[in-house]
Amino acid sequence: MAVTPTRYLPEYVDWAAPVLADPLRVENGQVEIPDVPGTGIAWNEEAVAKFEVEP
């Protein structure tokens, strides 16, 4: 998002935090941008498994 021209459009919602390995951190109204490569989204597999639905 740091290099996206429309970065001001997305809305921050914290409802995804419980299933993320490293949720976004907000400081002074701005998201702290991680300094690691990748999309910035890693799942907490243990938390995600709680929502698994058996077919």
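Let's see how each residue does on (1) in a helix (DSSP H, G or I); (2) at pLDDT 90 or above:
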{"site": "MET1", "(1), (2)": "no, no"}
{"site": "THR6", "(1), (2)": "no, no"}
{"site": "TYR12", "(1), (2)": "no, no"}
{"site": "TRP15", "(1), (2)": "yes, no"}
{"site": "PRO23", "(1), (2)": "no, no"}
{"site": "PRO34", "(1), (2)": "no, no"}
{"site": "GLY38", "(1), (2)": "no, no"}
{"site": "VAL48", "(1), (2)": "yes, yes"}
{"site": "GLU54", "(1), (2)": "no, no"}
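Which pairs turn up if I take residues in the stretch 20-34 that are hydrophobic (A, V, I, L, M, F, W, C) and look for partners that are assigned to a strand (DSSP E or B) with beta carbon separation below 8 Å, at least 6 apart in sequence or on another chain?
Once the first residue is hydrophobic (A, V, I, L, M, F, W, C) and sits in the stretch 20-34, its partners that are assigned to a strand (DSSP E or B) give LEU20/TRP43; ALA21/TRP43; LEU24/VAL31.
The values are calculated or read from the model by the stated rules, or taken from the named source; none is laboratory data. Keep in mind it's a predicted model, so treat the numbers as computed, not measured. Ideal geometry is used to build each Cβ from the backbone, glycine not excepted, and the neighbour counts take in all protein chains shown.
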